Amino acid sequence: MIEILPYRKAITIRREIYTDGHSPLEVVADDYKTYFIKSAQNQNPCYYLINEFLCHYLLKCWHIPTPNIAAITLDPKLLADNFSDRHKKHYYDTICFGSQSIKDAVDLNNFFNENKKPDF
């Protein structure tokens, strides 16, 4: 059985995770859990966010472990001026995809040494 998508509100931003891709924000939500969120970045419809939600539920159907997720809203007033251009305030007028943080998780990208996206 598929669980219902929870909706959360980000109450604080801890930091931006710099990546070659979306550079998600690490936030604490109103359930006091840590999430990594991605915004739609003004794309309508935002296929990469739709894909994030869809892939999570497919992994669940196939019994492949995946972090809990939520649809998260972020008040643009919480954004600091020192974030990259990937985090413009108007990007957060709609919900974001949020993936819950997993304690002691390891980023597999640290084990690879690609220089370009095709290598990855």
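Scanning the range 36-75 for residues that are touching a helix residue (DSSP H, G or I) at 6+ places or on another chain (Cβ under 7 Å) and not aliphatic (A, V, I, L, M), we see that the one that is farthest from Ile13 (Cα to Cα) is Thr66. Of all residues in the range 53-76, those that are touching a residue at least 12 places away in the same chain (Cβ under 8 Å) and of a type outside the set (S, T, N, Q) total 13. Once the range 9-39 is narrowed to residues that are hydrophobic (A, V, I, L, M, F, W, C) and under 17 Å from Lys77 (Cα atoms), the residue that is farthest from the chain's Cα centre (by Cα) is Ile11.
Does Ala105 satisfy the criteria of being closer than 21 Å to Arg8 by Cβ and out of contact with any strand residue (DSSP E or B) (no Cβ under 8 Å at 6 or more places or on another chain)? Yes; evaluated as a whole, the condition is true for this residue.
Residues are listed down the side, and each one gets a yes or a no for (1) open to solvent by 80 Å² or more (accessible area, probe 1.4 Å); (2) in contact with an Asp or Glu (Cβ under 8 Å, 6 or more places away or on another chain):
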{"residue": "Glu26", "(1), (2)": "no, yes"}
{"residue": "Ser39", "(1), (2)": "no, no"}
{"residue": "Tyr47", "(1), (2)": "yes, no"}
{"residue": "Leu58", "(1), (2)": "no, no"}
{"residue": "Trp62", "(1), (2)": "yes, no"}
{"residue": "Leu74", "(1), (2)": "no, no"}
{"residue": "Tyr92", "(1), (2)": "no, yes"}
{"residue": "Lys103", "(1), (2)": "yes, no"}
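The values are calculated or read from the model by the stated rules, or taken from the named source; none is laboratory data. Values in this document were obtained by computation on a predicted structure and should not be read as measured data. Every residue, glycine among them, receives a Cβ derived from its backbone with ideal geometry; neighbour counts consider all protein chains shown. Note: areas computed on protein heavy atoms with side chains; ligands, DNA, RNA excluded. Shrake-Rupley method; radii C 1.70, N 1.55, O 1.52, S 1.80 Å.
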